[in-house]
Structures are given as C-alpha cells and as structure tokens.
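The numbers here are math on the coordinates, done by the rules we state, and not lab data. Keep in mind that this is a model prediction, so the values were computed, not measured. Please note: Cβ atoms are built from the backbone with ideal geometry, for glycine as well, and neighbour counts cover all protein chains shown.
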Ligand SMILES: [Zn+2]
C-alpha cells in the first residue's frame, strides 16, 4: 500500500474521532467554543475550499457551467449572507446537475447546490431556507472548527479530508480514491454535522431568512417534506442532505416553533426563481420529453407562472432544434409578462440557432444597455461578438470588464480566446496566465507568462508588467509548496 493511502485512512479515522468527540460533548451541555477558536486560518480555509471546488469542477461531469443559474444563486445567497450574523464572508455558489436533494458548504464560503434541490423547492423561501442554513454553517465557522482540530496535517491530506467530510458521503471515491472508498463508505453515516452545529445553523439561518424578507415557516416545511421523501428516492437511498444534516423531528419542531414566534410574512417568489427552475427542467433528460412536459403544463395551465412555463417551452423547443417554434413561444412568454436578462439571452440564442449571428449580437448589446449589471448578458454579448467577427469590439468590451472584475475567470478566458483569434500572442498568453492563476494552477500560469515573454509582439512596458507578475506568482508558488510540505 502506498503512503498516500495510509495518510488518507489516518485522516478519515481522525474525522471519525472528531465526530465522536462532538457527539460526546453534546451531553449534557455542548461547548462549541467561540467562532474565533478555530485553529484553521481564514486564508487556509479559503485555499482548502478553492482546491476542492477546482477538483469538483475538473473531475465531476455534473458540475454545471451555467452563468445564469450561478448568477441567480449568487444574488439570493448574497441577500441572505447580508442578513446573517457572524463573521463576514465572501460566498461563492456553484451548481451540480444531480437530481438528489443536496446542498453543501465547503471551507472558505463555497456552497454547492444540487439541481434536484432547486427543483424540489416549491417556493423561493424554501430554497432560501437551505441556503441560509448552509451560510450559517460557514459564518459560525463549523467547518473550520471541525478541520481546525486536525493539527499537523499536510495540506493535501487536509483537502482530501475536508472533501470526505463535506461531500464524500455521497461520493467517497471522489475525495479519497477508489482504494479508500469502501472504508469511507462504511464510516460515512458517522460523518455528519453534530446536532449542536445543526441547531445553531437552524437558529442563525432562520433569523437570516426572516431578516432577508422570506417566509420563515418555509424552513420546517421543506425539512418535513425532505424527511417524508426519504424512502421514495429512486435508489431507495436517503437524500444526501439528510445524511450531512440529519433532520430529526426535534429539529423540525424547533424551527416550527421559532418561526411561529416571528411576524407572519408572505413572500412573493421572484420571476427568476421560476425561470431558473424552468430552464433546469428544459435542459434535463431527453429534449422531446422536456417539450412534452411544458406543452402539457401550458395546455392544462399547470404552472406557478405562465411566463416561466412558456420560457421553459421555448428553451426545450430550442434544444429540440425547433427554433422557429421556440421564437413563437418566447413571444407568448413576453405577452405573459416575461422580461429580464434571461429572456433576452434566450432570444439571442434562438437567433444564433437560426444563423442570425449579427442580429443576436445586437439583441445582446441592447439588452446590456437595459441591464448593465448582468454578468451573464456580458458573457453572452462578448461571445456573440467574437462569433460574428466582432473580435476587436469584443476585446474593447472585455478590457473594460476585466478592469471592473479582475477576478472573473470567464472574462479572462473569453479574452484569451479573442486575442488568439486576433493573432495577439502576447496578450493571449497573458490572459491565459490569469485564467490559470484564478484556477489555482500556478505552474501553468507561470508557463503562460514565459510564453508571453517570448511571443515577440510585446513592447518594453508590457514586458516589465509580465516580469513583475512572474516574480509574484513564482514567490506565491514557492510559498504554497512549502505550506503543503509542512
Ligand atoms: Zn446543517
């Protein structure tokens, strides 16, 4: 057996020990310590989280690259995070195409949400209640405190451990490799947030839910439904969420009582909530089935929002390569009140499918004037310009956008693609280096900067900028290599 295997098994048994210790501390009086007690620094926590997200992104086919859905979750999450007490945190939400009901918080404020959870939520308040609970796990530093106990551990092991604790329950092989998967599987039931952490996340999450203007009763309602659905999963297994966040009758009663003491508040679901759900349904499974699903719901008027049902039908028709009919449905969606960036973006996609590339770029340019803050529209517009021979204009728009959002990897990536098309090799490699740096692949970033230096189409000023950046990245890489060996 390799040494790596043993280290991983040691890591798993340490988590087990920690989980058992938390359980024992639960009686009679739990001592969670204060949020400031964690041994793990916020920087280290962020790096562990980044590294797990990178792994998921590049190794998990179910990772969903959809800026519109990510943008919606980011807005919803931001609203809840603003209302949450505790440590200030940057949050990043990502989506996994997975029909199981699950959401999980990683160290450093990364929150993964399964599409199954978004589809199962009957109201926006229900979806918000799960996000609020996850956000609370982060702001209360539960994960940091669990991992903080693992002193003297090498960074890669800590990363594997965090992944095993936080999402390895459903996919232990992802975190620890096939060899350890069986053992990890055997212990997975034990690896869950402690009851005290759950109670605290419920309490803090519920307050945030209420303060952000959502219906606080949605939390217990959603938990109850999840608990009821426990045995009806396709494979008869427990939804992932219930494994990591055990829902007990106590918890449901507790959140019910607390919500009952809050002023009643009706929350109107946003149109985006319904559009996002419709988009997910339109893109799941067989395209013809999706068309059939939305045709039936429009025909029988079985929908929460007609505009969203018609948007879903238009999306499904586009997927089924019927763009003419998609366009007609989108028009009906507008008549029913549909408006906003997602509607304009679909309109442009339909035009592209009909071969009208320049028209699509114009649609997106106009949409951006009406919704200048929409990042998904910006991406779509720049890509449409690049697609329709407008590379120079795309490069201008990108240069300005990158100044505003220097840490936006998608913008850098579009930039690299555009510069490549324009034959600007220096700028291409420079942009690509930033893509890799943002992904955390420092050696690849350094290599791109070296290619940029040798490209032969840079001036003196550009070369000195690259030299400074090279120096910075090499120092950071050396430091991280040192940290990992510590
Ligand atoms: Zn929880």
Taking Cα pairs under 8 Å and at least six residues apart, what relative contact order does region 349-486 come out at, in percent?
14 percent
Förster-model FRET efficiency, 35 Å R0, residue 356 and residue 301, C-beta, rounded to 0.05:
0.60
Please work out, to two decimal places, the log10 of the ratio I(q)/I(0) at q = 0.19 Å⁻¹ from a Debye calculation in which every Cα of region 262-323 carries one identical scatterer.
-0.63
Based on the Cβ-Cβ distance from residue 462 to residue 321, what FRET efficiency comes out when R0 is 51 Å, to the nearest 0.05?
0.70
Which order results if 268, 64 are arranged by neighbouring Cβ count within 10 Å, fewest first?
268, 64
For residue 289 and residue 481, calculate 0.36 nm times their separation in residues minus their Cα-Cα distance, and state this gained length in nm to one decimal.
64.1 nm
Relative contact order of region 75-126 (C-alpha contacts under 8 Å, at least 6 apart) in percent is 29 percent
For region 254-370, what are Rg and Dmax over the alpha carbons, in angstrom?
16.9, 57
Run the paramagnetic zone check for residue 405: 7 angstrom along Cα to Cβ, then residues of region 71-100 with backbone nitrogen under 14 Å.
71-75, 92-93
